[in-house]
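Each value in this text was obtained by applying a stated rule to the coordinates, not by laboratory testing. Since the structure is predicted, the reported quantities are computational estimates derived from the model, not experimental observations. When we count neighbours, we look across all protein chains shown, and the Cβ atoms used for this are built from the backbone with ideal geometry, even at glycine.
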Amino acid sequence: MEDYRAELLRQVRLVDIATGEAAAACLPGLLRRLARHEAGSGGGPFVLRLFHRWRRNSLRRQVAEARWHVEQGREARMNGLAGRR
């Protein structure tokens, strides 16, 4: 049973590392898109303003999620697994 648990923890650690690396690769693009959407005028018809607000909030959530995964990958690389949300 202990071997199974150790192998499972090792696989979880490897997945966290890989996910962190993938998120780190995506983060600059997400930040660039968020900056572009935040710099937009935000004017126009009501429907477009709703869309832009939704898009900015969506990108903010994606950036926060990517940063969290990067941090989890960093902690997994240092062999200290943090708990999942």
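What the table shows:
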| item | result |
| --- | --- |
| With Cα atoms, 0 to 90° folded angle of helix 2-39 axis to the chain main axis | 20 |
| Whole-number percent relative contact order across region 1-82, with pairs defined as alpha carbons under 8 Å at least 6 apart | 48 |
| C-alpha long axis of helix 46-77 to longest principal axis of the chain, angle in ° | 20 |
| Hull shadow area, averaged, the chain [alpha-carbon convex hull, nm²] | 6.8 |
| Segment Arg56-Ala24, extension gain: residue separation times 0.36 nm, minus the distance between their alpha carbons | 9.5 nm |
| Listed residues Gln62, Gln72, Gln11, most fluctuating in the chain (Gaussian network, C-alpha, under 10 Å) | Gln11 |
| Listed residues Gly73, Gly20, Gly40, most fluctuating in the chain (Gaussian network, C-alpha, under 10 Å) | Gly40 |
| Order of Val70, Val15 - criterion: other Cβ atoms within 10 Å of each residue's Cβ, fewest first | Val15, Val70 |
| Sorted by Cβ neighbour density within 10 Å, fewest at the top, the residues Asp3, Asp16 | Asp3, Asp16 |
